[in-house]
Amino acid sequence: MIEVNHERGRNSLVWMENITKKFGTICALRDINFGVQKGEVRALLGDNGAGKSTLIKILMGIHQPTVGQIYFEGRPVKIRSPKEAREIGIEAVYQDLALVNLMSISRNFFLGREVVKKVGPLKFLDLKNMESICRSSLHDIGIEIRSATERVGSLSGGERQSIAIGRGVYFGAKVLILDEPTSALSVAETRKVLSYIENARERQLATIFITHNVHHVYMVADSYTIIRQGHNVGTYSKGELSEEDIADLITGDRES
């Protein structure tokens, strides 16, 4: 098991130290230490209700920790909103993806960050430029699309994940948070999404892979942090545990 070393942890790209979160009298997280290095895929594992989502919402600025400190690139930071998280380079791809079905792939790719061109005093969306950038950017990370003008609503679950991941990479994410990215995907689509995660690692992104699917994460993760009922169970390096060991630690059938 990887020992908690706060000084070493602060040298991680992201380090969350002694994070405690209370909602009234309910303690959702207690003294959690969690981090990820550049070029690492760190799995965050736990059963439903373990506290995974709460921890990530703190990292994204949706919740503020009751106690604890977040470090980014070695500096203490206070992240007060998802916008602030994105500004420093933390991008989250949530399970619901936040994509607009009736809009094209390129419009979704640039959603909230549209490219415009001026014609006299007027501004118009530069659709051709957005389509070209979208297509070439996705191609660069191994994602092929039929057409950037295709509606997102016609895409499969795996294809939708690829658009969201590609968007995060293009807009300069240093940390990519993937929330249950393989949930409800076919075997073939799951393989594709896992290959995108490996591609992100090759590009030296720090990737946080949140899941309760032990088999999927075991294929790509470099390390695993397991939490149970809001407490750290432990952080383990790849090869230190079998899939069965990880499953037992998640459920509590085995102690750390």
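The values are calculated or read from the model by the stated rules, or taken from the named source; none is laboratory data. None of these values were measured; they are calculated from a predicted model. Methodologically, a virtual Cβ is constructed for each residue, glycine included, from the backbone with ideal geometry; neighbour enumeration extends over all protein chains shown. Ligands, DNA and RNA are excluded from the accessible area calculation, which covers all protein heavy atoms including side chains. Shrake-Rupley method; radii C 1.70, N 1.55, O 1.52, S 1.80 Å.
Lysines within cross-link reach of Lys78: Cα-Cα under 26 Å, excluding same-chain residues under 8 positions apart? Straight-distance partners of Lys78: Lys21, Lys22, Lys38, Lys52, Lys57, Lys174. All Cα-Cα distances of region 1-152, cut into 10 Å bins from zero to the largest, leave 9, 30, 27, 21, 11, 2, 0 percent in each bin in turn.
Quickly rank 185-193, 197-205, 220-228 as a protection proxy: mean count of other C-beta atoms within 10 Å, highest first.
On the way: 185-193: 15.4, 197-205: 17.7, 220-228: 21.8.
Averaged packing, sorted descending, gives the order 220-228, 197-205, 185-193.
Across the alpha-carbon atoms of region 119-256, the computed radius of gyration and Dmax are 18.5, 68 angstrom. Using a simple spin-label model with pseudo-atoms 7 Å out from Cα toward Cβ, Arg203 and Glu73 lie 1.8 nm apart. GNM remark for the chain: springs join alpha carbons under 10 Å apart, and the peak mean-square fluctuation among Leu13, Leu125, Leu176 falls on Leu125.
At a Förster distance of 25 Å, what's the computed FRET efficiency of Cys27 paired with Thr251, Cβ-Cβ distance as r, to 0.05? Intermediate results must be reported in sequence, preceding the final value.
Values: r = 21 Å, r/R0 = 0.83.
Working from the Cβ atoms, E equals 0.75.
Computed from the Cβ-Cβ distance with R0 of 22 Å, the FRET efficiency linking Lys57 to Val100 stands at 0.45. Comparing Lys118, Lys38, Lys174, which has the greatest mean-square fluctuation in the GNM of the chain with Cα pairs linked when under 10 Å apart? Comparing Lys118, Lys38, Lys174 in the GNM, the peak value goes to Lys118. By a 1.4 Å probe calculation restricted to protein chains, Glu240 has an accessible surface near 80 Å², given to the nearest 10.
On the basis of the beta-carbon distance and an R0 of 25 Å, Glu144 and Glu243 show a calculated FRET efficiency of 0.20.
Please compute the length gained on full extension between Ser154 and Asn48, using 0.36 nm multiplied by the number of residues separating them and subtracting their Cα-Cα distance.
Details: separation 106, 0.36 × 106 = 38.16 nm, distance 3.01 nm.
Contour length minus the Cα-Cα distance gives 35.1 nm.
Length gained on full extension, Lys83 to Val187, computed as 0.36 nm times the residue gap minus the Cα-Cα distance: 34.1 nm.
Estimated purely from DSSP H runs of n ≥ 4, each contributing -39500 (n - 2.57), the mean residue ellipticity at 222 nm for the chain is -9500 deg cm²/dmol once divided by its residues.
Is region 30-97 rounded, prolate or oblate when judged by the Cα gyration tensor, a ≥ b ≥ c being the square roots of its eigenvalues, rounded requiring a/c under 1.5 and prolate requiring a/b larger than b/c? Cα axes put region 30-97 in the rounded bin. Panel note: the C-alpha atoms of the chain, placed on their principal axes, show extents of 63, 40, 32 Å (largest first). Listed by chain and number, the lysines placed with their C-alpha closer than 28 angstrom to that of Lys118 are Lys83, Lys128; residues fewer than eight positions away on the same chain are left out.
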